[in-house]
Amino acid sequence: MRVTCRQEDLSRSLSTGNRAVATRSPLPILSNILLRAAGDRLELSATNLEIGIACWLAADVSGEGAVTVPARLLSDFVNSLPPGEVVLEMTGKGQTLDVSSDRFRADIRGIDAADFPAFMPDTDQATSFTLPPENLREIISQVTIAAATDESRPVLTGVLTVLDPDAGHVTMAAADGFRLSVREAPLETPLDGRLSVGIPARTRLELARVCGDETQPVQAAITAGRNQIVFRLSHLDLVSLLIDGNFPDYERIVPQTHTTRAVINTRALFQAARVASFFARDAANVVRLSLDPGDEMRPGTVTVSAQAAEVGGNETEVEAAIDGDVMEIAFNAKYLLDVLGVISADQVALELSTPSSPGVFKPVAETPFTHVIMPMHIAR
């Protein structure tokens, strides 16, 4: 095998592929990255047996072949090289990769490519659909903030993805028991019937990271056995196991009525909540929102405050258009900042029923995004 490529391209591809490399595994080869040279490109593949990434870059291939080498060592070495051409060469029967550029040279011992696990499934009988690349990163971030990190209930660590051809959209939902995110996106692919699967939140986050510059629709394929999904971009494939289990009925969690509705500047509310969070750190992370509709003489306001007995407190008033009753409710500061941080609309609507009922956040725009947060107890 002999390949010549640009250092910048190789470094970028290694950074992408390394996201699927196993950090702790009894199988040494899972800490390696597979390099395969063929045609006019170099393909890099990595897997931890839960997710796998195969990406490729343009290269001058004068000798085809394949080898696996330690991913971290190769990345560290390539990242330290100056911009320019990098030559990857493996000669003889050994599994040693020679990497050279300018005055730098290294020999990296590898493992036979034949021992690397095959992770790309057959998608001939798969259910396929496409996702629009525009705003895909925002869509994913809005949903995954509500996914659980506790592995005790694996189904909650995923994102429920419901494909509904009749409604013409795909719905993504995540919940961790304290909050719920629901987001819709257009579904342009015709399907035979409704389909729902659980996709690990980590897979969604990896997809968001690698699709930033994508201009073509992202192709997705769910295998016939409903146990894997493959996302295809212009420069890589991302494959992941699916989560087996029944996701909670998210439609029943979202409140359908409210007694108070406030429309607030998103940035102003975020800044007020951020300041309050500094004091909330010493007060069980509780941030209070007091909604006052105002009257003919004064505008409505939302007062954001936090009080900690040992360090003090603060409050910030934010003007708002409020319909309904005076209301006071408390939220976890992190949850409040998380949702405000992923809403790009200038204004956000907050819908409330009682101080002990969930609060519903929605962007005041056509964006079909709903976020529900369970309130915290307010000590009187």
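The values are calculated or read from the model by the stated rules, or taken from the named source; none is laboratory data. What you are looking at is a predicted structure, and each value in this text was computed from that prediction instead of being measured. Cβ coordinates were reconstructed from backbone atoms using ideal geometry, including for glycine residues, and neighbour counts include every protein chain displayed. Quick note on the areas: whole protein, heavy atoms, side chains included, nothing else; ligands and nucleic acids left out. Shrake-Rupley method; radii C 1.70, N 1.55, O 1.52, S 1.80 Å.
Excluding ligands, DNA and RNA, the accessible surface per residue across the range 100-226 is 49 Å² with a 1.4 Å probe. Solvent exposure of the range 248-380, expressed per residue, is 52 Å² of accessible area, with all protein chains present and a 1.4 angstrom probe. Within the shell of other residues whose beta carbon sits under 11 angstrom from the beta carbon of Ala276, the net charge comes to +2, with Lys and Arg scored +1 and Asp and Glu -1. About its Cα centre, the range 73-134 has a charge dipole of approximately 260 debye under the convention of +1 per Lys or Arg Cβ and -1 per Asp or Glu Cβ, with nothing else charged.
Considering only Pro248, Pro186, Pro82, the mean-square fluctuation computed in a Gaussian network model of the chain, springs between alpha carbons under 10 angstrom, is largest for Pro82.
Overall shape: oblate for the range 285-380, with the ratio a/c of the largest to smallest alpha carbon gyration tensor axis at 1.5 or above and b/c at least equal to a/b. When the Cα positions of Gln142, Gln95, Thr189 are compared along the charge dipole of the range 52-206, Gln142 comes out farthest toward the positive end, with charges on each C-beta of Lys, Arg, Asp and Glu.
May I ask you to give the percent of accessible area on the chain that is carbon plus sulfur, with a probe radius of 1.4 Å? That fraction is 47 percent.
Do you know the relative contact order of the range 238-380, to the nearest whole percent, from alpha carbon pairs under 8 angstrom that are 6+ apart?
26 percent
When a/c is below 1.5 the answer is rounded, else prolate if a/b is larger than b/c, else oblate, so apply that to the range 157-221 with a ≥ b ≥ c taken from the square roots of the Cα gyration tensor eigenvalues. Here the range 157-221 falls in the oblate category. The residues neighbouring Lys334, those whose beta-carbon lies less than 14 Å from its own, together hold a net charge of +1 under the Lys/Arg +1, Asp/Glu -1 convention. Indicate the gyration tensor shape class of the range 19-93 (rounded, prolate or oblate), computed on the Cα atoms with a ≥ b ≥ c the square roots of the eigenvalues: a/c under 1.5 is rounded; otherwise a/b larger than b/c is prolate and the rest oblate. Prolate, because a/c is 1.5 or more and a/b exceeds b/c. When both the range 1-65 and the range 292-364 are represented by their alpha-carbon centers, they are found 48 Å apart. Pairwise Cα separations in the chain fall into 10 Å bins from 0 onward with the following percentages, short to long: 5, 20, 24, 20, 17, 10, 4, 1, 0.
Taking amide H atoms as placed 1.01 Å from N in the peptide plane, the amide H of Glu188 lies under 5 Å from those of Thr130, each 5 or more residues away in sequence or on another chain. Hey, in the GNM for the chain with a 10 angstrom Cα cutoff, which one of Ala20, Ala66, Ala201 fluctuates hardest? Among Ala20, Ala66, Ala201, the largest GNM mean-square fluctuation belongs to Ala66. Taking only the Cα atoms of the range 1-147, the radius of gyration and Dmax are 16.7, 52 Å.
State, as an integer percentage, the relative contact order of the chain based on alpha-carbon contacts under 8 Å between residues 6 or more apart.
On the way: 907 pairs, mean separation 47.2, N = 380.
Taking the mean separation of contacting Cα pairs over the length of the chain, I get 12 percent.
Please pull out the direction-averaged projected area of the range 127-239, using the convex hull of its alpha-carbon atoms, in nm² to one decimal place.
Spelled out: convex hull of the Cα atoms, projected over all directions, averaged, 6.7 nm².
Mean sequence separation of contacting Cα pairs (under 8 Å, at least six apart), scaled by the length of the range 207-285, corresponds to a relative contact order of 16 percent. Here the sum of -39500 (n - 2.57) over DSSP H runs of 4 or more residues, divided by the residues of the chain, equals -5000 deg cm²/dmol at 222 nm, to the nearest 500.
Computed over neighbours whose Cβ is under 15 Å from that of Gly245, the net charge equals -3, Lys and Arg +1, Asp and Glu -1. The distance from the alpha carbon centre of the range 198-262 to that of the range 105-133 is 20 Å, rounded to a whole number. Computed from phi, the 3J(HN,Hα) profile of the range 363-368 under the Karplus parametrisation 6.51, -1.76, 1.60 (θ = phi - 60°) reads x, 7, 6, 7, 5, x Hz, with x in place of Gly and Pro. Take the chain, mark every one of the GluC sites (Glu not before Pro) that falls in a DSSP loop and has at most 15 other Cβ within 10 Å, then report the longest stretch left between them, sites excluded. With a cap of 15 other Cβ atoms within 10 Å, the longest stretch comes to 189-295. Taking amide H as placed 1.01 Å from N in the peptide plane, Ala321 has its amide H under 5 Å from the amide H of Val263, each at least 5 places away in sequence or on another chain. Charging the Cβ of each Asp and Glu at -1 and of each Lys and Arg at +1, and nothing else, the dipole of the chain about its Cα centre rounds to 900 debye. Taking Cα atoms only, the orientation of helix 7-17 departs from the longest principal axis of the chain by about 60 degrees.
For the chain, a Gaussian network of Cα nodes joined below 10 Å ranks Met90, Met120, Met297 by mean-square fluctuation, and the top entry is Met297.
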